[in-house]
Structure formats: C-alpha cells, structure tokens
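Student: Take this structure first; my questions come after.
The values are calculated or read from the model by the stated rules, or taken from the named source; none is laboratory data. Because the structure is a prediction, the values reported are computed rather than measured. Every residue, glycine as well, gets a Cβ built from its backbone with ideal geometry; the counts of neighbours run over all protein chains shown. Note: areas computed on protein heavy atoms with side chains; ligands, DNA, RNA excluded. Shrake-Rupley method; radii C 1.70, N 1.55, O 1.52, S 1.80 Å.
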Amino acid sequence: MNITATLDGPCHRALRIGTATALAIALLAPQLCLAASSSAKASPSAHVRKRKPPAAKVVTPPAVSAEDAAQALAPARSDDASRMIAWVAAARDNGALPYVVIDKQAAMLFLFNAKGDFLGQAPVLLGVGIGDDSSPGVGAKSLAEIGPAERTTPAGRFIAKFGRALGHQRVLWVDYTNSVALHAVITTNKAEHRVERLQSPTPDDNRVSFGCINVGTGFYSKKLRPLFQRKGGMVYILPDTKSLDEVFPRVRLLPYLDTVASE
C-alpha cells in the first residue's frame, strides 16, 4: 500500500508541514549552534564572579622639616663660593680638619668633612653691619656698647674650636678675640624673629646678629657640632665689600693647582 496516498486531509497536511519544519531546522542547526557557542564565550556564567581590581596603595610622603625646605629653596652657589670651595679642595688648605665655607652675600653655609666631601648646606644669620673687618676692641665691649656699624661678621680664614661662652654655654669660636662664634640660632628675643629669617627664601633679612653666625638648630646639632667638637675645624668667610682675591690672595693659584692635579 502506498502510505502517502492514504494520508489525506489534515493528517496529510500535517505530515507535509512537519517535514518542511524538520528540513528547516536541520539546515539552521549548525548556525544556531555556532551562535550559541559565541554567546557562551562572550558572556561568562552567572555563577562566575568578576575579580575586583586591587586597591591603589596609598603612599604617604615623608615629612619635610622647615630647615630641609629652606635648603631646597636655597640658591645655587655663587662664583666666589665655587672658587673658594675648589681652592680649599685643590690646595688641601684644611689639612686634616673639617671645614665650612660661608658666603655672606648669599647668607649660606657649606659644610665639608676633612676629606672634602660635601655634607650639606644651610642658611645662616650674620652681623647686621655690612663690612669685612671687626672694629678694634669690639671683643672687649658689652653688647650695649657695640653700635650697629660695628656688628660685622669678619671675612677671612679662621681656625675654629669649641669653648665656653657666657652662661657656661659651649660655642664654636671662630674669632675668640673679637667674640665671633658659630652656634645654633638664638630665640630668646622673640621680636628678632630669627627662626623666621632663616626660613625666608631670600638673604635680605638674614642680617640681625652682633657679628656671630647663627645656623638652624637641627643642622648645627646633627651635622656641624659632631664634626667639629673633637678637634675643631676651618671656617672660611667670604667678603661683603672686598674682592675674594683681596681677602684670600692664594685663591689666584687655583688654575695652576688644577693643572698640577690633572697631571
């Protein structure tokens, strides 16, 4: 019997429809599988959790002291300071002692050990008077007797050593005869604002003392005093009004010393 011939009416139409649908599904199946596979790759499963990015690490910058901030704002070395520092190193004028070079016009101190290694710089306060010599007999006068013009920080080469001052305080005497010492900044007279003067970005307000050299307490206690307290050291103070060659004539030999050193 011909099965197809007996399938008449609705059943025959259903068979034809079923056959066509099956054929269409068979043709589309590979494409549907490919699309499902791509979708599965593009979208992760619901149970897979996304990893959170690691939290950014907060780095706290180190604290900066007022003295370090002042050093960071310090101007570059002047030509005279550079010449002086180069001459001391080339001539080994300091012998076996540490030394400082003080640039009065820039109100800046440069510190070196006995080998000539640079250890740091710091602003300084100086005598209120502009000049390069101490007035005769100024060391024997009381502070009230010293006029403003006499309150100078002398220029020159000094062998500095620690010793007693008034009140049994130990200071680094630069010129004991004329009562010129290098010590930590004095804060007894609040009206002078000495600490604020040290921290200011310019040397214009660094003239306030009777002739002594004041440096920041931290720099003095941590760097300068430990270096000088045993044997002392050399202090080279650059001039205000005179030329460098006038105060330090041997600096003129620097080009010849450099030539000898290079040979």
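Student: Need the failing condition index for GLY163 against (1) among the small types (Gly, Ala, Ser); (2) assigned to a strand (DSSP E or B); (3) under 26 Å from PRO249 (Cβ atoms), just the number.
Tutor: Result: GLY163 fails condition (3) only.
Student: Taking segment 213-263 on its own, how many of its residues are at pLDDT below 95 and either under 19 Å from GLN199 (Cα atoms) or among the small types (Gly, Ala, Ser) (or both)?
Tutor: 2
Student: For segment 201-252, enumerate the residues that are open to solvent by 10 Å² or more (accessible area, probe 1.4 Å) and part of a strand (DSSP E or B).
Tutor: ARG207, VAL208
Student: To continue, here is another question. What number of residues in segment 94-107 are among the hydrophobic types (A, V, I, L, M, F, W, C) and open to solvent by 10 Å² or more (accessible area, probe 1.4 Å)?
Tutor: From segment 94-107, those among the hydrophobic types (A, V, I, L, M, F, W, C) are 96-97, 100-102, 106-107; that's our starting set.
Keeping just the survivors that are open to solvent by 10 Å² or more (accessible area, probe 1.4 Å) gives 96-97, 106.
The number of residues fulfilling the criteria is 3.
Student: How about segment 114-133: which of its residues are in contact with a strand residue (DSSP E or B) (Cβ under 6 Å, 6 or more places away or on another chain) and in a loop (DSSP other than H, G, I, E, B)?
Tutor: VAL128, GLY131
Student: Tell me, please, whether a residue that is at pLDDT 90 or above, not β-branched (Val, Ile, Thr) and not in a helix (DSSP H, G or I) can be found in segment 83-91.
Tutor: Of all residues in segment 83-91, those at pLDDT 90 or above come to 83-91.
From what is left, the residues that are not β-branched (Val, Ile, Thr) are 83-84, 86-87, 89-91.
If we keep only those that are not in a helix (DSSP H, G or I) too, we end up with none.
No, every residue in segment 83-91 fails to be at pLDDT 90 or above, not β-branched (Val, Ile, Thr) and not in a helix (DSSP H, G or I).
Student: Being touching a residue at least 60 places away in the same chain (Cβ under 8 Å) and surrounded by 15 or more Cβ atoms within 10 Å (Cβ to Cβ) is the filter here; which residues of segment 133-147 pass it? Steps first, answer last, please.
Tutor: Within segment 133-147, the subset touching a residue at least 60 places away in the same chain (Cβ under 8 Å) is 134, 138, 143, 146.
Passing the criteria: SER134, VAL138, ILE146.
Student: Being under 24 Å from ASP245 (Cα atoms), open to solvent by 40 Å² or more (accessible area, probe 1.4 Å) and of a type outside the set (D, E, K, R) narrows it down to one of ILE130, ILE85, so name that one. Let's see the steps before the verdict.
Tutor: Numbers: ILE85 fails: open to solvent by 40 Å² or more (accessible area, probe 1.4 Å).
Testing whether each residue is under 24 Å from ASP245 (Cα atoms), open to solvent by 40 Å² or more (accessible area, probe 1.4 Å) and of a type outside the set (D, E, K, R) leaves just ILE130.
Student: Which is surrounded by fewer than 16 Cβ atoms within 10 Å (Cβ to Cβ), within 24 Å of PHE248 (Cα to Cα) and at pLDDT below 95, of THR187, THR177?
Tutor: Exactly one of THR187, THR177 is surrounded by fewer than 16 Cβ atoms within 10 Å (Cβ to Cβ), within 24 Å of PHE248 (Cα to Cα) and at pLDDT below 95, namely THR177.
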